[in-house]
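Engineer: Take this structure, written in structure tokens, and hold onto it; I'll ask about it next.
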Ligand SMILES: Cc1cc2nc3c(=O)[nH]c(=O)nc-3n(C[C@H](O)[C@H](O)[C@H](O)COP(=O)(O)O)c2cc1C
Ligand code: SF4
Ligand code: FES
């Protein structure tokens, strides 16, 4: 049991080892340079430390605080406010199921229930490595129900590392997580092949994907051009 | 027949490279910026946008040009131009596809807006939960710098602008503009007292404009084609076009870019109607924070004035459509859980009120209690509405009050039956089609 679970105050973090710090510094300094005022770099820096460890650890908080001349309490106060910063290690993949009203009604509730049962986890839990899937190659994922992800015209919607998976069904959802756990390549509906959660977090810190072609991933979705198609058919343009 | 659809921002989304610099330049991309920066003064740009009548597309509908004119000039402080790309209002799904397919039109709008308000540093605050949007924005900004549309001395005009893509971290409240600014300063995203308004003391206590993605992306077309062209769409008081995002129980959901004032009936006609064998029950005109409409409202022109006189808010034109298989109590409860989860905790009516609303609602949905529960719900709503620190609180009560207004008997039916009278398996997209059931 961790000290937090025992209700004990956390031991002050020692901070990252020197080599990790030096590696992170390169990215962190680039982040800080984007802003007229240093503190604005805090959100991307938290994404950056999350890309290092798969969650925001005490060391990560200390790193951000040192970089920005803040107290660790100030950084913790910010980190705990935002739902994308995780206090427990996320698996190789973060899997989201939208259960806000529109998606829930169109099938999100059923998908989420199916996945919980299929994976044997509850909300915001991580699968044991190799859980239940015979061919799993040591991959794990964290399952979470999420709020409206601005993709309602594709309901029910899922995400993997915040890449969009549109028009899902319980069957497609099971296949998707089985593929992830088995280490098979998985391609987003509107996006490229999914990379790891940690690689994703570096993109969210404001760095371009290391895979040059990734930006071109994804096909044109019929839902996004449905109105354009009707307009073209009716000879209406603006 | 009057022209209904107006694909402007979406005009080339069917082209494979619509999101690249090259793709955008093929459709007159970055021609408006040349006009603005080399032929017009900043005040002339503000004047043009003001006279076009463009109103904020982020939900509030405040005139964009007027907002820009509030930025004090010659005050010696830096000015900031901030794009609100937090898109998190349930039902709203227009800015994400816009940024995926057309990031350069947004960037062009940012350069024009920044020039108008004399800002040399702009930001796009984009919600964190859409990785591919971050990719597309980062690449587009890099391309725009390389082509000389961002950076120093843009197009030889002497105007400098830096643009930073800032990725959020999951908090609906950060879409509220003052919470967004706190978040952009590296703090918890909680709304600020107003006044001072952002135009006077915004980011880093300096004059700041915050505009929605769609508002900003509409500006280049206004400069290219003129304010009079813009006014050929929409109505006198709600000029122009916008996305109407159809989702839910419709045959062809998706983005329909049309002149303001189109009706749901007309849109459903284009979208193949309600899904086969079913009929409309309730819908949101502008996201979950706008009071529900029913089939009585099919012919309400969807512009700011007409939606308001019919008792709701145009909001973000997020048309979430539900058919008769959907339990309105289930729908409103889920939204209420959302608001409770997203309440930032700054003010008591919202923080405590949304918590108690969820408790009372869950009992109701389970058919526990009596009609007094309904009154309690409305009573809590009364204590939030108009008393909360920001508009999230008001939004939270919208689905509740409106659903009780139109479907009171459905709530009572839960109490009579001791549970929900609906079968949730019938609402899904894979539910077997009904055969002559109605
Ligand atoms: C709780 C809440 C959430 C909001 N979310 C958004 C949002 O995601 N995007 C947006 O543009 N405006 C949002 N707004 C409205 C903004 O506060 C602001 O009015 C808008 O960004 C101004 O831009 P506009 O004038 O171009 O519409 C939200 C408001 C509230 C109260
Ligand atoms: S109304 Fe809700 S979200 Fe807005 S300030 Fe109050 S607690 Fe925060
Ligand atoms: S409700 Fe699921 S994406 Fe909007």
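Engineer: Given (1) within 25 Å of the chain's Cα centre (by Cα); (2) surrounded by fewer than 22 Cβ atoms within 10 Å (Cβ to Cβ), identify the lone condition not met by residue B:365.
Structural biologist: All conditions are met except number (1).
Engineer: Go over the candidates A:178, A:213, A:209 one by one and state the one that is buried (at least 17 other Cβ atoms within 10 Å of the Cβ) and either at pLDDT below 95 or more than 9 Å from every other protein chain (Cβ to nearest Cβ) (or both).
Structural biologist: A:178
Engineer: All but one of (1) under 21 Å from the mean Cα position of the chain (by Cα); (2) part of a loop (DSSP other than H, G, I, E, B); (3) away from ligand 1 (no atom under 16 Å from the Cβ) hold for residue A:70, so report the exception by its number.
Structural biologist: Here residue A:70 meets the rest and fails (1).
Engineer: Within the stretch A:13-33, is there a residue that is at negative phi, within 14 Å of chain B (Cβ to nearest Cβ), more than 16 Å from ligand 3 (Cβ to nearest atom) and not in a helix (DSSP H, G or I)?
Structural biologist: Within the stretch A:13-33, one or more residues are at negative phi, within 14 Å of chain B (Cβ to nearest Cβ), more than 16 Å from ligand 3 (Cβ to nearest atom) and not in a helix (DSSP H, G or I).
Engineer: Sticking with this one: Please state which one of B:302, B:280 is over 21 Å from the mean Cα position of the chain (by Cα) and on the phi < 0 side of the Ramachandran plot.
Structural biologist: From the options B:302, B:280, the qualifying one is B:280.
Engineer: Considering only the stretch A:117-131, I want to know if a residue exists there that is within 10 Å of chain B (Cβ to nearest Cβ), buried (at least 20 other Cβ atoms within 10 Å of the Cβ), touching a residue at least 24 places away in the same chain (Cβ under 8 Å) and touching a helix residue (DSSP H, G or I) at 6+ places or on another chain (Cβ under 7 Å).
Structural biologist: Looking through the stretch A:117-131, none of the residues is within 10 Å of chain B (Cβ to nearest Cβ), buried (at least 20 other Cβ atoms within 10 Å of the Cβ), touching a residue at least 24 places away in the same chain (Cβ under 8 Å) and touching a helix residue (DSSP H, G or I) at 6+ places or on another chain (Cβ under 7 Å).
Engineer: May I pose another question? Take the stretch A:158-194 and flag every residue that is in contact (Cβ under 8 Å) with a residue 12 or more places away in the chain, in contact with a strand residue (DSSP E or B) (Cβ under 9 Å, 6 or more places away or on another chain) and farther than 23 Å from residue B:16 by Cβ.
Structural biologist: A:158, A:159, A:160, A:161, A:162, A:168, A:173, A:176, A:177, A:180, A:181
Engineer: Within the bounds of the stretch A:90-98, is there any residue that is surrounded by fewer than 20 Cβ atoms within 10 Å (Cβ to Cβ) and either in contact (Cβ under 8 Å) with a residue 24 or more places away in the chain or away from chain B (no Cβ under 13 Å) (or both)?
Structural biologist: Looking through the stretch A:90-98, none of the residues is surrounded by fewer than 20 Cβ atoms within 10 Å (Cβ to Cβ) and either in contact (Cβ under 8 Å) with a residue 24 or more places away in the chain or away from chain B (no Cβ under 13 Å) (or both).
Engineer: On the basis of being touching a helix residue (DSSP H, G or I) at 6+ places or on another chain (Cβ under 9 Å), within 12 Å of chain A (Cβ to nearest Cβ), over 18 Å from residue B:92 (Cα atoms) and surrounded by 24 or more Cβ atoms within 10 Å (Cβ to Cβ), does residue B:245 make the cut?
Structural biologist: It is false that residue B:245 is touching a helix residue (DSSP H, G or I) at 6+ places or on another chain (Cβ under 9 Å), within 12 Å of chain A (Cβ to nearest Cβ), over 18 Å from residue B:92 (Cα atoms) and surrounded by 24 or more Cβ atoms within 10 Å (Cβ to Cβ).
Engineer: Give the residue that is nearest to residue B:245 (Cα to Cα), with candidates limited to residues of the stretch B:72-103 that are more than 22 Å from the chain's Cα centre (by Cα) and touching a residue at least 24 places away in the same chain (Cβ under 8 Å).
Structural biologist: Here the residue is B:79.
Engineer: Identify, from the list B:395, B:386, B:353, the residue that is under 25 Å from the mean Cα position of the chain (by Cα), within 16 Å of ligand 2 (Cβ to nearest atom) and either in the same structural domain as residue B:188 (by TED's automatic domain parsing) or surrounded by fewer than 13 Cβ atoms within 10 Å (Cβ to Cβ) (or both).
Structural biologist: The conditions single out B:386.
Engineer: Could you tell me which residue of the stretch B:321-347 is farthest from the other protein chains (Cβ to nearest Cβ), considering only residues that are closer than 22 Å to residue B:175 by Cβ and more than 16 Å from ligand 1 (Cβ to nearest atom)?
Structural biologist: Selected residue: B:332.
Engineer: Of all residues in the stretch A:181-193, which are within 9 Å of chain B (Cβ to nearest Cβ) and either over 24 Å from residue B:257 (Cα atoms) or surrounded by fewer than 15 Cβ atoms within 10 Å (Cβ to Cβ) (or both)?
Structural biologist: A:188, A:192
The values are calculated or read from the model by the stated rules, or taken from the named source; none is laboratory data. Source: prediction; values computed, not measured. All Cβ positions, glycine included, derive from the backbone under ideal geometry; neighbour counts span all protein chains shown.
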